[in-house]
Amino acid sequence: MKSNNHYFFGGVDTVELAKKHETPLYVLSEDIILENINTLKKCFIDKYDNVKVLYASKAFLSVAMAQIIGREGLGIDVVSGGELFTVMKAGFNPKEIFFHGNNKTQKELEMAIDYDIGQIVVDNLYELELLIEILKKENKTQDVLLRLSPGLTNIDTHEYIITGQRDTKFGFQIDESLKNDIIPRILSEDRLDLKGFHYHIGSQLFDNETYLNAFKLIFDLIEWTKNNYNYSTEILNIGGGFGIPYHEDIQPLDIEKILSEIMDTIEKEFKQANMTRPQVIIEPGRWIIGPAGITIYKIGAVKSIEGIRTYAAVDGGMSDNIRPSLYNALYSADIANKYNQEKTHIYTIAGKACESGDILVKDINLPEIETGDYLIVHTTGAYNFSMASNYNRMLIPAVVLVSKGKERVIVKRQTYEDIIGRDISL
Ligand code: LLP
């Protein structure tokens, strides 16, 4: 939204936000979060029987975010004790928590069992044995899903965020050992109630073929398990990964179309095999929160190298957004206080970390930049705050939630005292 040449987000003037809360500043629009959740309700939750959406909390998590997700009636996926603790502190219904991860520690598993969470997604044999041991010790039982690696060969996304190929640290390979040892082992174990299967093929995906191919590979196993052990899968969790456009020239994914193609295929396969369709779960993270976030920075140094480029440096960088350095991720940006001005200059936006690779956006058209301008980087809601670090002892920015012209801080900015808070002096 444009007004007075300032960029407005969630009905709030971002220049005023920057002045009030200092920069860098993460801003999340509650309106966009709710709009995205409502789309999922319309084209998935309310459209089909027996389906569920889990929010993948790794994309962005704070107590307030978990509260929004709980209030909206979604479940949540966590992958660590830290995420689990946050979600529990937010008052989340433990039965709606699913615990993923390829190396849950004994402490984390004990914590999950003590909280009595809904599902533990068992990733490997080591975890399976450890879980059984803990359950015996505590005289408890647990619902579990088995994480499978579908073994796909062609997944179109950055190699660091693919998980569904054969060579992966995640999940059980679909092989003879799974079929003949692991599945019967779980089915015969009184302490475990196998509810079904989970897989996740990767992140930032736009191509529905990948989802459909993965499902077909998993369905073969589901059918095989039915035929060989008379086991009926109650839950099929097909993971997240739905892509979002980080740039104007990328077409947004048609989530309704993708989900209806996935559901049609799933329903058809189960029907043809004369089997009851299990509950279908999706677990989007980025798709819900990514477009709901921006980051505001203040421009400091502007440096021109004759015949090469002009750098404009911001007061944050890879410590609050590692994605450009880690995945060559592309972002779009604007000058918050010159939003309606013509984009006459080309800049490279540099972070302030002591790394040449700390470049947030390369060669972007913007109005002429002056020191003191505010830069907005768009679509930073997912995997920015959650991957932030204190590299160079930079402070992790505050998070402000905006909605319909109102704002409230949901995560405070770190302070220098926080930074040394755990240091012990000699
Ligand atoms: N479910 C599982 C089991 C996952 O591993 C993930 C993401 C998701 C769901 C959610 O994926 P999403 O819908 O957000 O794409 N740091 C990377 C992304 C890593 C994703 C890891 N797993 C990035 O910044 O692109």
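The values are calculated or read from the model by the stated rules, or taken from the named source; none is laboratory data. Just so we're clear, the structure is a prediction, and the values are computed from it rather than from any experiment. All Cβ positions, even for glycine, are placed from backbone atoms using ideal geometry, and neighbour counts span all protein chains on display. Note: accessible area is taken over every heavy atom of the protein model, side chains too, but ligands, DNA and RNA are not part of it. Shrake-Rupley method; radii C 1.70, N 1.55, O 1.52, S 1.80 Å.
The phi-based Karplus calculation (6.51 cos²θ - 1.76 cosθ + 1.60; θ = phi - 60°) puts the 3J(HN,Hα) values of segment 413-426 at 5, 5, 10, 4, 5, 4, 4, 9, x, 9, 6, 10, 6, 6 Hz, whole numbers, x for Gly and Pro. Solvent-accessible area per residue in the chain equals 45 Å², computed with a 1.4 angstrom probe and all protein chains kept. All C-alpha pair distances within segment 76-158, sorted into 10 Å bins from zero, spread as 17, 49, 24, 9, 1 percent across the bins. Each of Lys47 and Lys89 was given a label point 7 Å from its Cα along the Cα-to-Cβ line. The distance between the two points is 3.7 nm. Extension gain, Thr371 to Asn390: 0.36 nm times the residue separation minus the Cα-Cα distance gives 4.4 nm.
Whole-Hz Karplus values for segment 71-79 come out as 4, 7, x, 8, x, 9, 10, 10, 10 Hz, taken residue by residue from phi with 6.51 cos²θ - 1.76 cosθ + 1.60 and θ = phi - 60°; glycine and proline positions read x. For segment 140-290, the calculated P(r), taken from all Cα-Cα distances in 5 Å bins from zero up to the bin holding the longest distance, is 2, 9, 18, 21, 19, 14, 9, 5, 2, 1, 0 percent. Taking all C-alpha pairs of the chain, those more than 36 Å from each other amount to 31 percent. Packing-based ranking of 48-60, 237-249 yields 48-60, 237-249, ordered from highest to lowest mean Cβ neighbour count within 10 Å.
Compare Phe44, Phe219, Phe99 in a GNM of the chain, Cα atoms joined below 10 Å, and give the one with the largest fluctuation. Top of the fluctuation ranking is Phe219.
Add -39500 (n - 2.57) for each DSSP H run of 4 or more in the chain, then divide by its residues: what number comes out at 222 nm, to the nearest 500 deg cm²/dmol?
Numbers: 12 runs with 120 residues, N = 426.
Value at 222 nm, helices only, nearest 500: -8500 deg cm²/dmol.
Residues whose amide H lies under 5 Å from that of Asp193, counting only those 5 or more places away or on a different chain, are Gln142, Asp143, Val144; hydrogens are built 1.01 Å from N in the peptide plane. Applying a threshold of 25 Å to the alpha-carbon distances of Lys338/Lys412; Lys89/Lys352; Lys42/Lys104; Lys20/Lys406; Lys20/Lys338; Lys58/Lys140 flags Lys338/Lys412; Lys89/Lys352; Lys42/Lys104; Lys58/Lys140 as lying beyond it. Under the convention that each Lys and Arg Cβ holds +1 and each Asp and Glu Cβ holds -1, the size of the dipole of the chain around its Cα centre is about 680 debye. For the chain, the longest principal axis of the Cα atoms and the long axis of helix 106-115 meet at an angle of about 80 degrees.
Stretch Asp418-Tyr229 to full length: gain in nm at 0.36 nm per residue minus the Cα-Cα span?
Value of the extension gain: 62.6 nm.
Protection proxy ranking for 260-268, 314-322, using the average of other Cβ atoms within 10 Å per residue and placing the highest first: 314-322, 260-268. The simple Förster model, with R0 at 60 Å and r as the Cβ-Cβ distance, assigns Glu256 and Lys136 a FRET efficiency of 0.85.
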